[in-house]
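To start, the structure itself, in structure tokens.
The values are calculated or read from the model by the stated rules, or taken from the named source; none is laboratory data. No experiment lies behind these values; they were computed from the predicted model shown. Note that each Cβ is placed from the backbone with ideal geometry, even for glycine, and that neighbours are counted across all protein chains shown. The area values use the complete protein model at the heavy-atom level, side chains included, leaving out ligands, DNA and RNA. Shrake-Rupley method; radii C 1.70, N 1.55, O 1.52, S 1.80 Å.
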Amino acid sequence: MEKLSATSAAGILLDLSGVVILLLAFACLGSKLFNRYVAYYGAQSVVLSFAAGVAAWTFHSPALWILAGLTLAIKGIGIPVVTRRLLLRRLALGRDSAIWLGLSTTLIAGGALTAFAYLVIRPQLLPHGVVAAAVVPLSTAVILLGALEMVVRRHTVAQLIGWLIAENGVFLGAITLVATFPFIVEAGIFLDIAAGVLIMLVFVSGITRQLAEASTAELRGLRG
Amino acid sequence: MTALAILIVIGPLAGPIAAVLRARARAAGWASVAGALVSLASAITLLATLVHHAPLTGWAGFLYVDVLSGFFLITVTGVTVLAAFGSVAYLSAEEDAGTLTTFQVRLYFIFFGLFASLMLASLQTGNLGLLFVLVEASTLASAALVGLEGRARSLEAAWKYVIISSLGVTIALVGTLFLFYAGSALHLTSNERLTWPYLFAHAAVLAPQPLRLAFLLAVVGYGTKVGLAPMHTWLPDAHAEAPSPASAMLSAALLNTGMYAIIRFLAIAQARLGTGFPRAVLLTFGFASVVIGVLFMVRRGNFKRLFAYSSVEHMGIIAVALGFGGVLGLYGALLHTLNHAIAKAVLFLDSGDVSLRYRTREAAQVRGLLAAVPVTGGALLLGSLAVLGSPPFGLFLSELTIVRAGFAGSSPVLPLLLLALLAVAFIAFARTTTGMVTGEAATPPDPYRGRAARWAGAIPLAAGLVTLLVLGLWIPAGLNTAILRSMAMI
């Protein structure tokens, strides 16, 4: 398989995209506002689609170009817009108060997970001097940060964003490690994510409504 | 043969089509039954052909059916038939009682059919990437079934299920990526490098380190769907909150589909890494699941949760059997998969009948079932005995085979531990179900309107128990050959 060298222009751009994606995952972990979660996720997806574009340009792969376009349209624009319209505004979600671990502790744990990803992945697997050698630990770290977000946040919207960030990490690894993944499979993964987000949106709004009803019922019970 | 493979997948879509055409519970239910029967008949014909022929391949490896897939296809289509009968009884009773709206009933049949169809499709693909896509899609379809009743508890269970399983399957996707990467040195096209038969044939030249990681990630990822501890936490909630026929599908079909994916990765890993590492991984997760399942079965309470923890235990037993390995271990694992699927389908369908009559899922509130409703009580008693591995039912035979496989290995400690855990499980499980079955009680109101619904409820219980009895006394020659040929694939 053709390999991207770490010193070529495309290699540097991919490395850089990987770092920005990691930073945006950290930004999400360090935030408390639902609006910001969605904004950081959207920005991360835009950078991801840029990375896919770089890979497509290097490998001259039309399938990867389509994928870059899909990433931008669905993850970069579609999911953030739908989440804002259908969840954040309609349910008037502002500040996330269901946080199980303090923000600074969470960030330290995130740093530890990133170091862990480097220690575990780098020496074992990958040939040196190839771009994948730098990006695969980054993408592993993004997956772990997404999982961390799902663990330390109890609110359903935060967990949904955590899953989507982990998914972005997988995708980052996929385009650099195995740029030639069959197109049908990649398209299927996209379809799954889109369907998954839709069904999760239904559950999230259902759960939030039920909780709101439950708490107003409590208020009525205490009257008088 | 390709036509049969397609027929298997589109059969279960009869229910969704009827529901979209605005059928009510009875019509949509009988359409599901008819579709499931078509699928089962096609699966049996396909397996009978495959036993004597080369595997069916096509569409650049996206279609690949060998005897192992055929065996799992029979299991899943069989369970779908039982659950479709159960759905007719359960959903028409719920619709008549007004517990579920007609819209909810239609949604149920749409997602029930999609769920079955996606699982059957995932058993027929050789492309491990497409396998991920289909397994994730079946998660989404079944999550809709879990959250169908729309109460706070069922929505919470559905949320927990969809979020944990999605993350789990994402981990399996990372494993698939590493497997793909392990094949970098092979001169195959990108499609072939993700296709199981090619990978299995070239296993000797895969890079060992990425492969090791790939196998571990696949066991953790698909293990989340199987319900292996400690990734099982979604399972009891989802099984308890879903409508009972959907619980039967989750426990008896979905968990097995996850196990099928693990077996595919196991085959490649064993061919390259030897048996040591993969077996150690499976034994660890397997025993953890048996221990967790048994411990939580001791607690008395919701009987659907009890059955769910029993599923965790049995999936652990299958993982342990794969970990013991050898001819006996693999034979036991496959036979146990089939037996457990039928027994658990019977128990969950029976639990649906109980919860319709008593309007509760708490074991303590159900008494004297055998006297009050002999069919339901008898099926619960016999089903419990079957699932606990008493003779003369099939699970006795498969558990005995698995324990013998353990004693054939180097140390007798592990099989002895397994026997001890099985004994505890017997006491814990039987304590709850015998309490429900025995005693004096007034007859609860009959929830079914019409004889057809009553029969639809009783047929799968009788059919399942008879099959279990037959499998305990005599394994048909065709099934025996199919299992032996499947083992050659691993």
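Values as computed for the structure displayed
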quantity	calculated
Computed E for residue A:91/residue B:423 - FRET, C-beta separation, R0 56 angstrom, nearest 0.05	0.65
Two-site label geometry, residue B:3 and residue A:100: point separation in nm, points 7 Å out along Cα→Cβ	5.4
Loss of accessible area when B meets A, both sides summed, Å² nearest 100, probe 1.4 Å	3200
Proximal aspartates and glutamates to residue A:32, defined as alpha-carbon separation beneath 13 angstrom and excluding residues fewer than eight positions away on the same chain	A:96, A:149
Point-to-point label distance, residue B:300-residue B:362, nm (Cα→Cβ direction, 7 Å offset)	1.2
Modelled FRET efficiency - R0 30 Å, residue A:35 with residue B:151, Cβ distances, 0.05 increments	0.50
Gyration tensor (alpha-carbon) shape descriptor, the range B:241-323, a/c threshold 1.5	oblate
In the range B:327-409, the chymotrypsin sites (Phe, Trp or Tyr not before Pro) that fall in loop regions by DSSP, at most 15 other Cβ within 10 Å	none
Surface accessible to a 1.4 Å probe, per residue, for the residues of the protein assembly as shown, Å²	35
Protection-proxy order for peptides B:250-263, B:280-293, each taking the mean of Cβ atoms within 10 Å per residue, highest first	B:250-263, B:280-293
Rounded to 10°, Cα long-axis angle of helix B:208-226 versus longest principal axis of chain B	10
Separation in nanometres of the label points that stand 7 Å from Cα toward Cβ, at residue A:154 and residue B:473	5.6
Low-density loop positions, chymotrypsin sites (Phe, Trp or Tyr not before Pro), the range B:417-476 - DSSP coil, at most 12 other Cβ in 10 Å	B:474
Between 0 and 90°, nearest 10: helix B:374-387 axis offset from chain B longest Cα axis	20
Accessible-area composition of the range B:1-83, carbon plus sulfur, in percent [1.4 Å probe]	75
Proximal charge balance of residue A:166 [Cβ under 15 Å; K/R count +1, D/E count -1]	-2
Cα Rg over Rh - the protein assembly as shown, Kirkwood	0.96
Inter-chain shielding of B:190-197 (mean C-beta neighbours from other protein chains, 10 Å cut-off)	3
Percent carbon-and-sulfur accessible area, the range B:99-211, ignoring ligands, DNA and RNA, probe 1.4 Å	68
Residue B:455-residue A:115 FRET efficiency (beta carbon distance; Förster radius 56 Å; 0.05 resolution)	0.35
Overall dimensions of chain B as given by Cα atoms, namely Rg and Dmax in Å	21.2, 72
